[in-house]
Amino acid sequence: MGIFIRSLIICTVLLCACHNEHHPTHKKIRHINIKKTTRLDSCQSSPLCSIMIEVDDMTDTTVSTQKINQTIALEAFGHASYSLAQAADSFCTEYILRYKKELAHLYAADQKRGIHSSWYDFKYRIAVKHQGGINGYHCYRIDKTKYEGGAFEHRQLSCLNFNGLTGKLVKLDDVLRPACHTLLHPLLINELLRQFECNNREALQEKGLLRLTDIYIPANYELGKDYISFIYNAGEIGPHKTGTIILPIPYTRLRTIMKPQK
């Protein structure tokens, strides 16, 4: 009986280990929020630099998670750090120092000439949001919105997809067969037509879309649980005022070109 019980325990442990190995999505995530503001000079009425950062941070210390965090830190904050909190804090410090160094003398000169411009009020928001993806992948959307003078604020949305077991970035070719490119183009066009309520390419062009380029498969995509979402930032396939365009294509329409999922 003792041998039977010990064998049962060993089998149970092995089964649990295998289960965890193939389900990398079971990771704890903490939410980091950082908000910093500083004035351009010591005057209480001087322009402000405001930074807001929101990050979904996986807290385990596995090698795969460290690789993921290092890649995100470099993409989002320009620092290849295993700690997203440290990378975000370093980004804030450097951005504020650069803001004062580059603009303080220009602002002082404008003040002497009696020029009071709101263009000196800088705003920067970075949101790093985690979502689960197909095959247990980890998808991170990095959404940067900044205003640094001028007439418009600028938004840049990017997505990183990771294999949770290895921490490596996942490519589109890891999910779709090589023939996907020619078959994806009509699906992307149809989704674009649907979103902008157009019947043909000419109608799209009248709205400023696809005037300078044909539809293409961007390197910017999210391998979600139910869709592959292809992301085009402002000015890529449409006018800047249109903003970011996201074209989600459900996997149910990609069955013929999908690779077998393990």
Inset, instruction - Answer yes or no: is there a residue in the stretch 90-97 that is over 26 Å from K129 (Cβ atoms) and either in contact with a Ser or Thr (Cβ under 8 Å, 6 or more places away or on another chain) or at pLDDT 95 or above (or both). - result: yes
Legend entry - Filter pass, D173 being closer than 27 Å to H130 by Cβ, out of contact with any helix residue (DSSP H, G or I) (no Cβ under 6 Å at 6 or more places or on another chain) and without any contact (Cβ under 8 Å) to a residue 12 or more places away in the chain: yes
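Pick from S45, S50: which is of a type in the set (G, A, S), more than 19 Å from E94 (Cα to Cα) and open to solvent by 30 Å² or more (accessible area, probe 1.4 Å)?
After ruling out the rest, the residue left standing is S45.
How many residues does the stretch 204-227 contain that are polar (S, T, N, Q) and assigned to a loop (DSSP other than H, G, I, E, B)?
2
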Legend entry - Condition check for V63: within 22 Å of Y147 (Cα to Cα), aliphatic (A, V, I, L, M) and either open to solvent by less than 70 Å² (accessible area, probe 1.4 Å) or in contact (Cβ under 8 Å) with a residue 40 or more places away in the chain (or both): no
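Restricting to the stretch 249-259, give me the number of residues that are surrounded by 14 or more Cβ atoms within 10 Å (Cβ to Cβ) and touching a strand residue (DSSP E or B) at 6+ places or on another chain (Cβ under 9 Å).
Going through the stretch 249-259 one residue at a time, the tally reaches 5.
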Inset, instruction - Can you work out which of the residues in the stretch 71-86 that are assigned to a helix (DSSP H, G or I) and open to solvent by 60 Å² or more (accessible area, probe 1.4 Å) is farthest from V128 (Cα to Cα)? - result: Q86
Legend entry - Matching entry among D226, D214, D174 (being of a type in the set (D, E, K, R) and closer than 18 Å to T252 by Cβ): D226
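Tell me which residues, restricted to the stretch 109-128, are over 20 Å from the mean Cα position of the chain (by Cα), in contact (Cβ under 8 Å) with a residue 40 or more places away in the chain and open to solvent by 50 Å² or more (accessible area, probe 1.4 Å).
Within the stretch 109-128, S118, D121 qualify.
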Inset, instruction - Quick one: count up the residues across the stretch 154-177 that are modelled with pLDDT under 95, in contact with a strand residue (DSSP E or B) (Cβ under 9 Å, 6 or more places away or on another chain), under 15 Å from F230 (Cβ atoms) and not in a loop (DSSP other than H, G, I, E, B). - result: 2
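Residue by residue, here is whether (1) within 29 Å of T59 (Cα to Cα); (2) open to solvent by 30 Å² or more (accessible area, probe 1.4 Å); (3) modelled with pLDDT of 95 or more holds:
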residue: Q131; (1), (2), (3): yes, yes, no
residue: K146; (1), (2), (3): yes, yes, yes
residue: F152; (1), (2), (3): no, yes, no
residue: A179; (1), (2), (3): no, yes, no
residue: T182; (1), (2), (3): no, yes, no
residue: Q195; (1), (2), (3): no, yes, yes
Inset, instruction - Residues being of a type outside the set (D, E, K, R), more than 24 Å from G136 (Cβ to Cβ) and open to solvent by 20 Å² or more (accessible area, probe 1.4 Å): count how many of those fall in the stretch 209-232. - result: 3
Legend entry - Given (1) farther than 30 Å from L48 by Cβ; (2) exposed (fewer than 14 other Cβ atoms within 10 Å of the Cβ), index of the condition Y137 fails: (2)
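The values are calculated or read from the model by the stated rules, or taken from the named source; none is laboratory data. Remember, it's a predicted structure, so these values are computed and weren't measured experimentally. Please note: Cβ atoms are built from the backbone with ideal geometry, for glycine as well, and neighbour counts cover all protein chains shown. Protein only, heavy atoms only, side chains kept; ligands, DNA and RNA dropped before computing areas. Shrake-Rupley method; radii C 1.70, N 1.55, O 1.52, S 1.80 Å.
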